[in-house]
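Structure first, commentary second.
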Protein chains: 2
Amino acid sequence: MSKLIYRRRQSARPAPHAGEPTYGPLTAEELQLAVRNHSMPLEALREDITPPGLHYVLTHFDIPHIDAGSWHLRIGGAVERSLELSLAALKKDPAISVPVTLECAGNGRSLLKPRPLSQPWTLEAVGTAVWTGVPLAYLLAQARVEPEAVEIVFTGLDEGIQGGVRQQYARSLPIAEALRADVVLAYKMNGSELPPQHGYPLRLVVPGWYGMTSVKWLQSIQVVTVPFHGFQQSVAYRYQHTADDAGAPVSRIRIRSLMLPPGIPDFYTRRRILSRGPVMLRGRAWSGEGAVTGVDVGIDGKWAPAQLEKAAGAFAWRGWSFPWVADPGEHELACRATDATGAVQPLEQHWNYQGMGNNVVQRVKVRVE
Amino acid sequence: MSKLIYRRRQSARPAPHAGEPTYGPLTAEELQLAVRNHSMPLEALREDITPPGLHYVLTHFDIPHIDAGSWHLRIGGAVERSLELSLAALKKDPAISVPVTLECAGNGRSLLKPRPLSQPWTLEAVGTAVWTGVPLAYLLAQARVEPEAVEIVFTGLDEGIQGGVRQQYARSLPIAEALRADVVLAYKMNGSELPPQHGYPLRLVVPGWYGMTSVKWLQSIQVVTVPFHGFQQSVAYRYQHTADDAGAPVSRIRIRSLMLPPGIPDFYTRRRILSRGPVMLRGRAWSGEGAVTGVDVGIDGKWAPAQLEKAAGAFAWRGWSFPWVADPGEHELACRATDATGAVQPLEQHWNYQGMGNNVVQRVKVRVE
């Protein structure tokens, strides 16, 4: 057995995470990541647009310090005309504003058994913002992409080591995705200057895709004629069964819904305490694969459809509500969304090696008094 | 032994935390608190004023939803003239702006052995902001405090259960502290409307005191003639040796310094990698008990004084810098501040039952290549 494991490790590609998934206790390193990175407290589900400072944040390395006065964006590679643009120049270009729900691909990871060793999200690595900036397609049209181009590589100024590999954070997008009209190079978030942790002075925002796609602190955009095999593309962010399995790329956000926990919490356990009588259960649902078409709410395992609100945008979450008459005792509440492709949230989590795309149904325990 | 423990528990006051301190692994409840509440990533030490969304946040219960249009602040109790003020009325009063470093009293708790079961902070529960609003003393002068008054009780709109006790968050201040010219009822943070998680529409800010004093989501200010014994005053936020020890109240922020980790990080371990040669080590130091008078930097246990910058305010942190020529190999860096009272950070942590006021020296491991 140990020989087999030894051979496996010898043959393995660079590791996305810091060891094999574990049934063991949370490590000091995971705690450090949990306090460094920020979740959205679930009560922020009240708002269609997540208030400042409550949107989730995951930073692989450090938040870089960038002097926007000397910063330039370089667009090059397989283009007829390379560009180098200052922030002032970008702000003179036509701008669009797009409401987008972003979610970390690793959301829910800490609930998996065994648990991949990385940022130990529970359920709250999500947020919705209005991103304002220049359509990527506008700049690509100016640069004139060569016909043999297959992908576009976005590189950020954040630098560090992951899986033993020194790197600047970089991800690619297929040409067809990059040319979508709603893909934006954003310099504003909710009408204000980008905060440092969200990519100041400029970030890519790709509606519908998990957050790793929306590269922050953009330094360069390179058009390439062969697929990109950087660490964050070929090693991290894969749906894998084992360490050796090359896996499938993580891309669009899977259908998910969350509930605003009703009543009041216990400080430590976060268990909810609720008064008997009528209460409106509320939450939001989103999918990067198709419009949200339904949300069912489960009360002690009995499901019924919720009322849907209008979505804030094609790739922004959709509010839902469900009236409940709470009777005294212990109850388990749940919500489960479906999208236009027919995808529905699983009742039990599907495990994968990196803990990606966990969209299991949320369960909220309440005591009604 | 089990009998002794049983007797102790019988006689115990309500418990501040969810059980006895433990040497065991991090619990699911602690992880949930760690992802819910927000630390300041250490790279934010670059800035004198913490950027939006990076200031630490601890919310005991939920962030309440408050309609500022119908919200009023009530000032009453042992006063000649009770007041009820709208936000619009408060904004017409004279305003002050005060730069303040706030730190959670439980900062560093997760490093203690045994570890109290509560929010498992590492070292980053801190931040500095400019708070703008009405001086509390101005409103108290209008209300005319009765001569027999001893304390002022501040109650927030956040509600929940802690230690088995249902409560709205409430804390008191002695009259003399409340009348200080720099104690502010703030409706702006860094020039913008208070974000929901920082107490919208109004919070108390008491410069120099640990964060639990600066009550958020203020609903009422009551002048009292006997000392307040609410849960957050008499049970939580005490320096105790054991569960049964009534302990001493937590009040002002103890001397502390932190270093901006140099070089680049490893994603998972956060270990630093640095290039050989000259590097300027930087950080900030603060104390609620007296001005910061010195910071020493330790390189592999050898200490030397850092250069101090001007403090941003009487109770705002003070920048420091220290030039180092990094030679290849593994190193341990540390920083240790002293204040005007002669207080200096301990090299080894002083344990207490609730994990309060941990101001142990930070140690940063770096590999120089």
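The values are calculated or read from the model by the stated rules, or taken from the named source; none is laboratory data. On a predicted model such as this, the values are computed, not experimentally measured, just so you know. Glycine also receives a Cβ, built like all others from the backbone with ideal geometry; neighbour counts cover every protein chain displayed.
As for the stretch B:234-244, it holds at least one residue that is more than 23 Å from the chain's Cα centre (by Cα) and in the same structural domain as B:ALA78 (by TED's automatic domain parsing). When residues in the stretch A:51-72 are screened for being of a type in the set (Ser, Thr, Tyr) and either crowded, with 17+ Cβ neighbours inside 10 Å or within 12 Å of chain B (Cβ to nearest Cβ) (or both), 2 of them pass. Looking only at residues in the stretch B:358-369 that are part of a loop (DSSP other than H, G, I, E, B) and either buried (at least 20 other Cβ atoms within 10 Å of the Cβ) or not charged (D, E, K, R) (or both), which one is farthest from the chain's Cα centre (by Cα)? Within the stretch B:358-369, the match that is farthest from the chain's Cα centre (by Cα) is B:VAL361.
Scanning the stretch A:127-143 for residues that are in a strand (DSSP E or B) and not hydrophobic (A, V, I, L, M, F, W, C), we see that the one that is farthest from A:VAL184 (Cα to Cα) is A:GLY127. Taking A:HIS198 as the residue in question, decide whether it is crowded, with 22+ Cβ neighbours inside 10 Å and of a type outside the set (A, V, I, L, M). Against the criterion (crowded, with 22+ Cβ neighbours inside 10 Å and of a type outside the set (A, V, I, L, M)), A:HIS198 qualifies.
One residue alone among A:PRO64, A:PRO52 is modelled with pLDDT under 95 and in the same structural domain as A:SER39 (by TED's automatic domain parsing), and that residue is A:PRO52.
Okay, residues lined up against (1) out of contact with any helix residue (DSSP H, G or I) (no Cβ under 8 Å at 6 or more places or on another chain); (2) charged (D, E, K, R); (3) more than 19 Å from A:SER251 (Cα to Cα):
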{"residue": "A:ARG166", "(1), (2), (3)": "yes, yes, yes"}
{"residue": "A:PRO174", "(1), (2), (3)": "yes, no, no"}
{"residue": "A:PRO201", "(1), (2), (3)": "no, no, yes"}
{"residue": "A:PRO207", "(1), (2), (3)": "yes, no, no"}
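If you go through the stretch A:314-330 and pick out every residue that is within 30 Å of A:ARG252 (Cβ to Cβ), surrounded by 15 or more Cβ atoms within 10 Å (Cβ to Cβ) and not polar (S, T, N, Q), you end up with 7. Being within 17 Å of the chain's Cα centre (by Cα) and either crowded, with 20+ Cβ neighbours inside 10 Å or part of a loop (DSSP other than H, G, I, E, B) (or both) narrows it down to one of B:GLY355, B:GLY342, so name that one. Testing whether each residue is within 17 Å of the chain's Cα centre (by Cα) and either crowded, with 20+ Cβ neighbours inside 10 Å or part of a loop (DSSP other than H, G, I, E, B) (or both) leaves just B:GLY355. Considering only residues that are in a strand (DSSP E or B), β-branched (Val, Ile, Thr) and within 12 Å of chain A (Cβ to nearest Cβ), which ones fall in the stretch B:260-280? Matches in the stretch B:260-280: B:ILE264, B:ILE273. Taking A:LEU333 as the residue in question, decide whether it is assigned to a strand (DSSP E or B), closer than 19 Å to A:ALA285 by Cβ and aliphatic (A, V, I, L, M). Criteria met by A:LEU333.
If you filter the stretch A:201-228 down to residues that are of a type in the set (Phe, Trp, Tyr) and more than 16 Å from the chain's Cα centre (by Cα), you find that the one that is surrounded by the fewest Cβ atoms within 10 Å (Cβ to Cβ) is A:PHE228.
Conditions (1) closer than 18 Å to A:VAL100 by Cα; (2) of a type in the set (Lys, Arg); (3) within 14 Å of chain B (Cβ to nearest Cβ), marked per residue:
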{"residue": "A:GLN197", "(1), (2), (3)": "yes, no, yes"}
{"residue": "A:GLY211", "(1), (2), (3)": "yes, no, no"}
{"residue": "A:SER214", "(1), (2), (3)": "yes, no, no"}
{"residue": "A:SER220", "(1), (2), (3)": "no, no, no"}
{"residue": "A:VAL226", "(1), (2), (3)": "no, no, no"}
{"residue": "A:GLN240", "(1), (2), (3)": "no, no, no"}
{"residue": "A:GLY247", "(1), (2), (3)": "no, no, no"}
{"residue": "A:ILE255", "(1), (2), (3)": "yes, no, no"}
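Looking only at residues of the stretch B:20-50 that are out of contact with any His (no Cβ under 7 Å at 6 or more places or on another chain), surrounded by fewer than 19 Cβ atoms within 10 Å (Cβ to Cβ) and at the interface with chain A (Cβ under 9 Å from one of its Cβ atoms), we find that the one that is farthest from B:PRO201 (Cα to Cα) is B:GLY24.
Per the listing B:ASP245, B:ASP296, B:ASP266, B:ASP300, the residue uniquely at positive phi and surrounded by fewer than 21 Cβ atoms within 10 Å (Cβ to Cβ) is B:ASP300.
In the stretch B:103-122, the residues that are away from chain A (no Cβ under 11 Å) form Cβ pairs under 6 Å with partners that are surrounded by 21 or more Cβ atoms within 10 Å (Cβ to Cβ) and β-branched (Val, Ile, Thr), at six or more places apart or across chains, as follows: B:GLU103/B:VAL126; B:GLU103/B:ILE253; B:ALA105/B:VAL250. Can you confirm whether B:LEU218 is touching a helix residue (DSSP H, G or I) at 6+ places or on another chain (Cβ under 9 Å) and farther than 23 Å from B:PRO21 by Cα? Considered against the rule, which asks whether it is touching a helix residue (DSSP H, G or I) at 6+ places or on another chain (Cβ under 9 Å) and farther than 23 Å from B:PRO21 by Cα, B:LEU218 comes out as no. Quick one: count up the residues across the stretch A:73-96 that are free of Cβ contacts under 8 Å to residues at least 60 places away in the same chain, surrounded by fewer than 19 Cβ atoms within 10 Å (Cβ to Cβ) and either outside any loop (DSSP other than H, G, I, E, B) or under 24 Å from the mean Cα position of the chain (by Cα) (or both). Counting residues in the stretch A:73-96 that are free of Cβ contacts under 8 Å to residues at least 60 places away in the same chain, surrounded by fewer than 19 Cβ atoms within 10 Å (Cβ to Cβ) and either outside any loop (DSSP other than H, G, I, E, B) or under 24 Å from the mean Cα position of the chain (by Cα) (or both) gives 6.
Among the candidates A:GLU159, A:GLU177, the residue that is more than 21 Å from A:PRO51 (Cα to Cα) and assigned to a strand (DSSP E or B) is uniquely A:GLU159. One residue stands out among those in the stretch B:15-33 that are out of contact with any strand residue (DSSP E or B) (no Cβ under 8 Å at 6 or more places or on another chain) and hydrophobic (A, V, I, L, M, F, W, C): the one that is modelled with the lowest pLDDT, which is B:ALA18. Looking at B:GLU148, B:GLU193, which is the one that is within 14 Å of another protein chain (Cβ to nearest Cβ) and surrounded by fewer than 18 Cβ atoms within 10 Å (Cβ to Cβ)? None of the others qualify; the one that does is B:GLU193. For the stretch B:229-266, give me each residue that is over 30 Å from A:GLY164 (Cα atoms) and charged (D, E, K, R). The answer is B:ARG238, B:ASP244, B:ASP245, B:ARG252, B:ARG254, B:ARG256.
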